[in-house]
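The values are calculated or read from the model by the stated rules, or taken from the named source; none is laboratory data. Nothing here was measured: the structure is a model prediction, and the numbers come from that model. Note that each Cβ is placed from the backbone with ideal geometry, even for glycine, and that neighbours are counted across all protein chains shown. We work out accessible area using only protein heavy atoms, side chains counted, and drop any ligands, DNA or RNA first. Shrake-Rupley method; radii C 1.70, N 1.55, O 1.52, S 1.80 Å.
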Amino acid sequence: MRFVLIGPPGAGKGTQAAVLSERLGVPHLSTGDLFRTHLAAGTRLGRAARRYLDAGELVPDELTDDMVRGRLAEPDARDGFLLDGYPRTVRQAGVLADLLAEDGTGLTAVLEFAAPEEVVVDRLLGRGRPDDTEDVIRNRLRVYRRQTAPLLATYADLLVTVDAAGTVAETAERVRDAVAAAAGPA
């Protein structure tokens, strides 16, 4: 059970990943969590990433690739995982495919969490974070759409779209159905 989770900010990927991780017994691997873990531990990768994060820049693909490679090599990820936030680019998708091919595996499916823009804007505004202004959120959504479109095309054969509008329980039911369709009953 190897899944990539894709969706805009506010679509509920993190919430649904926690539910799905528990149900499938595989780890939820978020790039944000990987960055925080490496930063807190002061690893070589964390120190290199800190320079970019402190400057408000994106962490280069190569550093992110190395963090993901290391995390996927850990025992709890051997039998499956939920990747959230990686890959973000077509190049990273190629790196992931090569990495999985080395182990003779591949992705089970790519779950795209889709929700109307107004739904995700309302959700993000509802969090009450000072940096979540409507203009900032809408810009993040534009950037997401621009960066993600080529990735969705790359994963066309593995892509399963999940309607992420509605309640957490409704979306969880849709995710369960999508996983069952992609890989058999969960």
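For the reader, a short list of remarks on this structure follows.
- Probe 1.4 Å - accessible area at VAL119, Å² to nearest ten: 50
- For the options LEU111, LEU63, LEU82, a Gaussian network treatment of the chain with springs between C-alpha atoms closer than 10 Å singles out LEU63 as fluctuating the most.
- Amide H contacts of ALA115: ALA164, each under 5 Å away and 5 or more positions distant or on a separate chain (H built 1.01 Å from N in the peptide plane; Pro and chain starts excluded).
- GNM top mover of ALA156, ALA115, ALA17 - the chain, alpha-carbon springs below 10 Å: ALA156
- With every protein chain in place, the chain: carbon and sulfur % of accessible area (1.4 Å): 52
- With semi-axes defined as the square roots of five times the eigenvalues of the C-alpha gyration tensor, the equivalent ellipsoid of the stretch 93-139 measures 36, 12, 9 Å, largest first.
- Loop trypsin sites (Lys or Arg not before Pro), the stretch 92-186, which have at most 12 other Cβ atoms in a 10 Å radius of their Cβ (DSSP): ARG127
- Remark on the chain: ratio of C-alpha radius of gyration to 2.2 N^0.38 Å is 1.02.
- Once both labels are positioned 7 Å from their Cα atoms along Cα-to-Cβ, the gap between GLU134 and LEU158 label points is 3.8 nm.
- Inter-centroid distance (Cα atoms) of the stretch 37-71 relative to the stretch 139-153, Å: 22
- Local electrostatic count, LEU151, Cβ distance below 12 Å [Lys/Arg +1, Asp/Glu -1]: +3
- When the charge dipole of the stretch 139-186 is built from unit charges on Cβ atoms (+1 for Lys and Arg, -1 for Asp and Glu) and taken about the Cα centre, the candidate among THR161, VAL179, PRO150 whose Cα reaches farthest toward its positive end is PRO150.
- Inter-probe distance in nm under a simple model that places probes 7 Å from Cα toward Cβ, at ALA114 and ARG127: 2.3
- HN-Hα J in Hz across the stretch 12-27 - Karplus 6.51, -1.76, 1.60, θ = phi - 60°, x for Gly and Pro: x, 4, x, 4, 6, 5, 5, 5, 5, 4, 5, 5, 8, x, 10, x
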